Each structure stands twice: as structure tokens, then as C-alpha cells.
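*Asks:* Before I ask anything, here is the structure I am working with.
The values are calculated or read from the model by the stated rules, or taken from the named source; none is laboratory data. Computed from a predicted model, the values in this text were never measured in an experiment. Cβ atoms come from the backbone with ideal geometry, glycine included; neighbour counts cover every protein chain shown. Protein only, heavy atoms only, side chains kept; ligands, DNA and RNA dropped before computing areas. Shrake-Rupley method; radii C 1.70, N 1.55, O 1.52, S 1.80 Å.
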Amino acid sequence: MDLLTELTILVLAAFVGFEVISKVPNTLHTPLMSATNAIHGIVLLGGLLVIGRADGLLDNVILVIAIAFGTINIVGGFLVTDRMLEMFKRKPAKGEAAKSGERERAGVGV
């Protein structure tokens, strides 16, 4: 494939991705982010597989950058997803928290 074809595919993919993401309701952005982070693992796996066959300094540098960005995206995405899911956990009511504290002070197992 020549460079012009690859650039055309990249631009079209960017437009399709923008249109798809803009149609998703806000409540589904967190699960969508998590799924796309998991899909980004394919980039990491591909980079690791290709770096063994790469020839030349430029190929190795580009692959190392791709692997580094893929790793950052995966780890950061899961950290953000975990933090956002913490926001949906139910917090104990004040009465329940006080009873729980009294039981702990009395030595009653939880």
C-alpha cells in the first residue's frame, strides 16, 4: 500500500470514529472508554510482535513509541475507569456508619 492510500484510510477512520463517538449517549462513555482501552491492547500486542522482525533504527524507534503509548493508554484508561466506577459505589448512610463504628469498638466482628 502506498502512503496516500494509508493516509486516506487514516483520515476516513478518524471521521468514522468521530461520528460514532458523537452519537453515543454520555452515560455510555465510561464503558466505551474501557472497551476501547482493551482494544488498544491489540496495538500493544502488534507492536511487540512486529518489533522482533523490525529492521533499522527508525522502525525500532517507532515501534518502541507505539508500545509505550499503547501501554500508557491501557494503564491510564483502566485507572480512570476504576476511578469513575468508584463514583457509583453506594456510600453507607450516617446511621449505618455510626453503628458500624460502634460494633468495631465493641469488638464485634463485621
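*Asks:* Are any residues in region 1-15 open to solvent by 100 Å² or more (accessible area, probe 1.4 Å) and in a helix (DSSP H, G or I), and if so, which ones?
*Replies:* Answer for region 1-15, where residues must be open to solvent by 100 Å² or more (accessible area, probe 1.4 Å) and in a helix (DSSP H, G or I): 3, 4, 10, 12, 15.
*Asks:* When only residues in region 16-35 that are hydrophobic (A, V, I, L, M, F, W, C) and open to solvent by 70 Å² or more (accessible area, probe 1.4 Å) count, which is modelled with the lowest pLDDT?
*Replies:* Selected residue: 33.
*Asks:* What are the residue pairs meeting all of these: first residue in region 63-84, first residue closer than 15 Å to residue 48 by Cβ, second residue aromatic (Phe, Trp, Tyr) and surrounded by 11 or more Cβ atoms within 10 Å (Cβ to Cβ), Cβ atoms under 6 Å, and 6 or more apart or on different chains?
*Replies:* none
*Asks:* Collect the residues in region 45-75 that are loosely packed, with under 14 Cβ neighbours inside 10 Å and of a type outside the set (A, V, I, L, M, F, W, C), keeping them in residue-number order.
*Replies:* 52, 53, 55, 56, 59, 60
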